[in-house]
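Derivation of every value follows stated rules applied to the coordinates shown; laboratory data play no part. Bear in mind that the values here come from a model prediction, so they are computed numbers and not experimental data. Ideal geometry is used to build each Cβ from the backbone, glycine not excepted, and the neighbour counts take in all protein chains shown.
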Amino acid sequence: MKRIIVAIDGHSSCGKSTMAKALAKSVGYIYVDTGAMYRAVALYAIRNGWMTEDFIDEVELKKHIGTIKIHFQTNVEGLQETYLNDENVEKEIRSLEVGNGASRVSTIGFVRQELVRQQQAMGVEKGIVMDGRDIGTVVFPQAELKVFVTASAEVRAQRRYDELRAKNMDVNYEDVLANVKERDERDTTRAESPLRKADDAYVLDNTNLTLEEQNEKLKELFEEKV
Ligand code: DC
């Protein structure tokens, strides 16, 4: 069976990574969460004091961007975790603060260039499912299967809220909804690689789909391609 590249793009908290992970696992492909890479860069900038609420020290970030090494490793439970310069930062990068920071650093051209370069290197042998915002448009415009995932902002906020509560994080629904809308706005209007559907992407609106139904649909699309 031929090995392909699967590019999954869409809005934040729309279940992209859940379905991308499920597909990768069931077909034995590598899964890459590119959002985690932007989150890791944001965490690095926050920790070094280069990012405050209204300022990013782009000069310092640019100076050090080449030293930020991100990789993924599967833990004993079979879950993929993100490493920043060999430190497991999986839990820390999932906070709302880092998510917001990720949305901000992802508007910077040199950050995108560096991460796109790393992502393209991960896909040279194909057999990869990658999710993000620009995978089908910029990282792998030649991907054999492109899917653009979407759902209403309210449904996405509810899912994100449930996820954060399940991790015992102290959040309220209104804040999460405002955050989802703010990130949508930034992700779709930024000058550098804004989130948009590739012309040849399949649109999967999962507002009214169960997890099983969305996974099934993706598997079906995959099978058509291989
Ligand atoms: O998917 P996520 O919520 O973990 O992504 C975090 C932020 O990173 C999000 O606001 C948009 C940005 N991002 C991006 O610009 N390009 C990608 N390929 C992946 C994420």
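Quick notes
- The aspartates and glutamates within cross-link reach of residue 225, meaning a Cα-to-Cα straight distance under 14 Å and a gap of 8 or more places when in the same chain, are 144, 200.
- Placing +1 on the Cβ of every Lys and Arg and -1 on the Cβ of every Asp and Glu, with no other charges, gives the range 1-99 a dipole of roughly 620 debye about its Cα centre.
- Here is the list for the range 1-89: trypsin sites (Lys or Arg not before Pro) lying in DSSP coil, each with at most 10 other C-beta atoms within 10 angstrom of its C-beta, are 2.
- Remark on the chain: hydrodynamic radius 17.8 angstrom, per the Kirkwood mean of 1/r across alpha carbon pairs.
- Dipole moment magnitude, nearest 20 debye, the range 1-49 about Cα centre, only Lys, Arg, Asp, Glu C-beta charged: 140
- Distant-in-sequence amide contacts of residue 31, defined by a placed amide H-H separation under 5 Å and a gap of 5 or more residues or a different chain, comprise 129.
- Nonlocal amide H pairs with residue 4, under 5 Å, H built at 1.01 Å: 127, 128
- For the range 43-134, alpha-carbon Rg over 2.2 N^0.38 Å: 1.13
- The mean sequence separation of alpha-carbon pairs under 8 Å and at least six residues apart, normalised by the residue count of the chain, gives a relative contact order of 34 percent.
- The distance separating the Cα centre of the range 72-91 from that of the range 104-131 comes to 18 Å.
- Over 26 Å (Cα to Cα) - which of 16/63; 21/126; 167/217 fall in this group: 16/63; 167/217
- Residue among 198, 171, 218 farthest towards the positive dipole end of the range 170-226, charges placed on Cβ: 198
- Percent of C-alpha pairs per 10 Å bin in the range 118-226, short distances first: 12, 35, 36, 15, 1.
- Proximal aspartates and glutamates relative to residue 62, as straight alpha-carbon distance under 20 Å, when same-chain residues fewer than 8 apart are discounted: 53, 54, 114, 192
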